[in-house]
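Data first, discussion second: the structure below is written as structure tokens.
What follows is calculated from the coordinates using simple rules that are stated; it is not laboratory data. The structure displayed is predicted, hence computed values, not measured ones. Note that each Cβ is placed from the backbone with ideal geometry, even for glycine, and that neighbours are counted across all protein chains shown.
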Amino acid sequence: MFRGVLTALVTPFKDGAVDERALQELVEIQVSAGVDGLVPCGSTGESATLSHDEHRRVVEVVVASARGRVPVVAGTGSNSTREAIELTRHAKEAGADGALLISPYYNKPTPDGIVQHYAAIAAETAFPLVVYNIPGRTASNILPETFARLAEIEQVVAVKESCGDLYQVAQLIQATPDSLAILSGDDWATLPMMALGGAGVISTSSNVAPSHMVELVRAFKSGDLERARETYYRLLPLFDVLFCETNPIPVKAALALRGLVREEIRLPLTPITPPNRERLQVALKEFGLL
């Protein structure tokens, strides 16, 4: 259901509030570039510092702006199962096509707790779910044997895997049915994961270079490995600089340099440092984006 390049959208701000016009324009840029889906209100969208009203409104704006041209997978994760259910219900009512749910953070649930968390959300919402594993942010790692159990939940249709361990990714793909789409959550891992059987990427870098990410994935899927490798190695320096500080600090700075958003980010995140801004500017110029 969710395959190819899905962009993890930033949430633009203006004078401390969500900049809906800029968000609409970002959606149009992404759709025009040929991406396969949009993911608002994830880590890249600063979901942790959005109020519930803002969160809901961002989902509504993205769904309305997409106009059914590409799927919208709304970030609805929480370390409270009840809250995740409420956010997922809203995403469904707003017209999204699925929900991305980070595994519960801070609580550090057991594997049984993780399975029961997603099972409860599935039972209460009957909505396509993407399980998001990112141990660096959650302090818990969903292992392949747990994913095998999660794959038995009918509504679990995809995984965003950001464990950073390709051996674990291989074990995950081996342990789960082909119907479960395994998406990279790390831009650098897009091509290696597809080589292992992955279905694509939920990308931060595609905020800045959507057509290039689309080219990478489509080249691989068409069997043009030479072009896929060429595109990947061209993108690699961009991946590096876009994660030189905590996401989404660099990608928002890049979009601001291109005049697409204001460089506003919410505390406790802070603006990119001057040395990294200079490094980012050089990289964007070399890539032909400035």
Amide H of ALA181 versus every other amide H placed in the peptide plane: which residues, excluding those fewer than 5 positions away on the same chain, fall under 5 Å? ALA158, VAL159
Could you work out the local net charge near ALA283, counting Lys and Arg as +1, Asp and Glu as -1, over the other residues with Cβ closer than 14 Å to its Cβ? 0
Quick one: Cα centre-to-centre distance for the range 5-19 and the range 96-123, in angstrom? 25 Å
Let me check I've understood the local charge: for LEU235, count other residues with C-beta under 14 angstrom from its C-beta, Lys and Arg +1, Asp and Glu -1. What total comes out? -2
How far, in nm, would the chain grow between ARG234 and LEU290 when pulled straight, counting 0.36 nm per residue and subtracting the alpha carbon separation? 18.6 nm
Asserting the computed 222 nm helical MRE of the chain (DSSP H runs at least 4 long, -39500 (n - 2.57) per run, divided by residue count, to nearest 500) equals -14500 deg cm²/dmol
For LYS285, which aspartates and glutamates qualify as cross-link partners when the Cα separation must be under 16 Å and same-chain residues fewer than eight apart are set aside? ASP240
Per the rule of 0.36 nm per residue minus the C-alpha distance, extending ASN276 to GLN24 adds in nm 87.9 nm
By the scheme Lys and Arg +1, Asp and Glu -1, what is the net charge of all other residues having a beta-carbon under 11 Å from that of ASN247? -2
The range 223-290-the range 149-216 distance, computed between alpha-carbon centres (Å): 21 Å
In whole Hz, what ³J(HN,Hα) sequence does the range 69-78 give by Karplus (6.51, -1.76, 1.60; θ = phi - 60°), x for Gly and Pro? 6, 9, x, 10, 10, 7, x, 9, x, 7
Using θ = phi - 60° and the Karplus form 6.51 cos²θ - 1.76 cosθ + 1.60, what ³J(HN,Hα) does each residue of the range 219-231 get, whole Hz, x for Gly and Pro? 4, 5, 5, 7, x, 8, 5, 5, 5, 4, 5, 4, 5
For the range 72-131 the chymotrypsin sites (Phe, Trp or Tyr not before Pro) that pass both the DSSP coil test and the at-most-11 other-Cβ-within-10 Å test are TYR106
The set of residues whose placed amide H lies less than 5 Å from the amide H of SER203, leaving out same-chain residues fewer than 5 positions away, is LEU6, THR7, ALA8
Difference of contour (0.36 nm per residue) and Cα-Cα distance, LYS108 to SER211: 33.3 nm
³J(HN,Hα) across the range 237-253 via Karplus (A = 6.51, B = -1.76, C = 1.60, θ = phi - 60°), whole Hz, x for Gly/Pro? x, 5, 4, 4, 6, 6, 10, 6, 9, 4, 5, x, 4, x, 5, 5, 4
The list (i) 25.3; (ii) 13.6; (iii) 28.6 gives values of mean projected area of the Cα convex hull in nm², and only one came from this structure; which label was calculated from it? (ii)
Please state, as a whole number in µm²/s, the translational diffusion coefficient that the Stokes-Einstein equation yields for the range 16-114 at 20 °C and 1.002 mPa s, with Rh defined as the Kirkwood radius across alpha carbon pairs. 154 µm²/s
In whole Å, what are the extents of the range 161-250 along the principal axes defined by its C-alpha atoms, from largest to smallest? 35, 30, 18
Longest to shortest principal axis, alpha-carbon extents of the range 71-180, angstrom: 38, 30, 21
Direction-averaged shadow area of the convex hull around the Cα atoms of the range 107-263, nm²? 10.3 nm²
